[in-house]
Amino acid sequence: MVKYDTVLIRYGELSTKGKNRKDFIRRLDRNIRYMLRDFKDLQYKRTYDRIYIKLQDEDPEEIAERLKKVFGISSFSFTERVDSDIDAITARCLEIAKETDKKTFKMLTKRHDKTFPMVSDAVNRHIAGVILDNTDLQVDVHNPQLLIRVEIHENDTYITSDKIPGAGGYPAGINGKVLLLLSGGIDSPVAAYELMKRGIEVEAVHFASPPYTSQAARDKVAELARLVSIYQGRMKIHYLNFTDIQLAIYKAAGDPYAVTLMRRMMFRLAEMVAKQNNCLALGTGESVGQVASQTLSSMAVINDVIRIPVLRPLVCFDKVEIIDLARRIGTYETSILPYEDCCTIFDPKNPVTNPTIHKSEYYESKFDWQTMLEKCVAAEETVTVRPETKDDFL
């Protein structure tokens, strides 16, 4: 019986990198080791285009589930290592063929060691001939039910019949840090996932409005952060008390401009927190046209108050696509828990969809918002959540 004893990991977009390739691979290797940190006996080997993990008695399914969450992996396979000898390679491939219940097969060999005495096509033909002579399998080069892969290196050859898709993207944290406006809704945790997939480390800022928002709403945000933190190892959340600012906005502007002014204040606050924490941009879960504050006119007016970039990874997603992705990454059920955040508590009945900068500045001139922002940031509370910590209310 074939016993797969090695995980062969293939890089994704890292293959397009030039001088920075080593940095990307080093970060990917570090992230993989962190994801598999509970498995103490694993042995790692890093090469130019592969990472190999030598297994002992670990559960392959558990290893696979964790590797699927590591950004930067194109695909991976559970393989058996044999000596780079054609007889040893052929014997193991024949075992795989004899154990399968498939009807058709194909050989696919990649010869990393160019000094190996047989070229890839010759290896394919030799092994396929042995399999045809000793089993009932037939060759199908277009749509084989069984694909046997052989990777030949100088001393070791790796044989597998599976190829598991990875998460793709870049290793988390390799492309700088972003401060995400994290609400308790569906969109922003999905945005966090998409940002991490591009190799960005995500910190979060959350605006609470006690006593109008509850501790349960705050715990819900912490749980959402915990759920997506698995993709980068941990996540910081900066909590800001937004109540006084919201009340001042409603007193100065009333209903139509309240959302616009709230978002402008949130962006100002987020920029202040971002600069304090070396974040190079803000991130949001906004999607064009989804709500009043997400029209192009609104985004332009809201963006006008800050100078750092704003990344909106979901900007062209529709709601169905966002919900589907939220279900896939495991945040949806938490997002729909009935604990409201500050935006839904103070939800205006007739929000303006085409605000102007001039009118926004007019309403803002009616109160000393700068002093209120500074006081808000001074009272900031920061916590760090990790995948292994779970809030009690859930």
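The values are calculated or read from the model by the stated rules, or taken from the named source; none is laboratory data. What you see is a predicted model, and the numbers here were worked out from it, not measured in a lab. Heads up, the Cβs are rebuilt from the backbone with ideal geometry, glycines too, and the neighbour counts pull from every protein chain shown. Just the protein is used for accessible areas: all its heavy atoms, side chains included, with ligands, DNA and RNA removed. Shrake-Rupley method; radii C 1.70, N 1.55, O 1.52, S 1.80 Å.
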Report summary line: Restricting attention to segment 130-165, the residues that are open to solvent by less than 30 Å² (accessible area, probe 1.4 Å) and over 39 Å from the mean Cα position of the chain (by Cα) number exactly 3
Requested in this report: Provide a single number: the residues in segment 136-158 that are closer than 19 Å to D101 by Cβ and of a type in the set (A, V, I, L, M, F, W, C).
Outcome: 5
Report task. Confirm whether L314 is assigned to a loop (DSSP other than H, G, I, E, B), closer than 23 Å to V178 by Cα and modelled with pLDDT of 95 or more. Result -> yes
**Report entry** Pairs with Cβ under 7 Å, 6+ apart, first in segment 159-175 and on the phi > 0 side of the Ramachandran plot and outside any loop (DSSP other than H, G, I, E, B), second open to solvent by 40 Å² or more (accessible area, probe 1.4 Å) and not polar (S, T, N, Q)
**Finding:** none
Query raised in the report: Regarding Y34, is this residue in contact (Cβ under 8 Å) with a residue 24 or more places away in the chain and within 16 Å of I152 (Cα to Cα)?
Result: no
Report summary line: Over segment 5-33, the set of residues outside any strand (DSSP E or B), modelled with pLDDT of 90 or more and under 16 Å from F76 (Cβ atoms) is D5, I25, L28, D29, N31, I32, R33
Report summary line: Looking across segment 100-121 at residues that are under 13 Å from I152 (Cβ atoms) and out of contact with any strand residue (DSSP E or B) (no Cβ under 7 Å at 6 or more places or on another chain), the single one that is surrounded by the most Cβ atoms within 10 Å (Cβ to Cβ) is M118
Query raised in the report: What do you reckon, is T382 at pLDDT 90 or above and part of a strand (DSSP E or B)?
Result: yes
Query raised in the report: Which condition breaks for R263 when tested against (1) farther than 25 Å from E321 by Cα; (2) free of Cβ contacts under 8 Å to residues at least 40 places away in the same chain?
Result: (1)
Report summary line: Log entry, pairs with first residue in segment 55-75 being among the acidic types (D, E), second being assigned to a loop (DSSP other than H, G, I, E, B) and open to solvent by less than 60 Å² (accessible area, probe 1.4 Å), beta carbons closer than 8 Å, six or more apart or on different chains, reads E58/F39; E58/L42
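Condition check ((1) acidic (D, E); (2) over 21 Å from Y339 (Cα atoms); (3) touching a Pro at 6+ places or on another chain (Cβ under 7 Å)) across all residues:
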| position | (1), (2), (3) |
| --- | --- |
| A192 | no, no, no |
| I200 | no, yes, no |
| E223 | yes, no, no |
| V228 | no, no, yes |
| G233 | no, yes, no |
| I237 | no, no, no |
| N241 | no, no, yes |
| L247 | no, no, no |
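Yes/no matrix, rows are residues, columns are (1) assigned to a loop (DSSP other than H, G, I, E, B); (2) open to solvent by 10 Å² or more (accessible area, probe 1.4 Å); (3) farther than 20 Å from L373 by Cα:
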| residue | (1), (2), (3) |
| --- | --- |
| V205 | no, no, no |
| R226 | no, yes, yes |
| Y231 | yes, yes, yes |
| K251 | no, yes, no |
| M266 | no, no, no |
| V273 | no, no, no |
Query - Residue in segment 253-264 that is surrounded by the fewest Cβ atoms within 10 Å (Cβ to Cβ), counting only those that are part of a helix (DSSP H, G or I) and touching a Pro at 6+ places or on another chain (Cβ under 6 Å) - result: A258
Report summary line: How many residues of segment 76-99 are open to solvent by 20 Å² or more (accessible area, probe 1.4 Å), out of contact with any Phe, Trp or Tyr (no Cβ under 8 Å at 6 or more places or on another chain) and either without any contact (Cβ under 8 Å) to a residue 24 or more places away in the chain or not in a helix (DSSP H, G or I) (or both)? The answer is 4
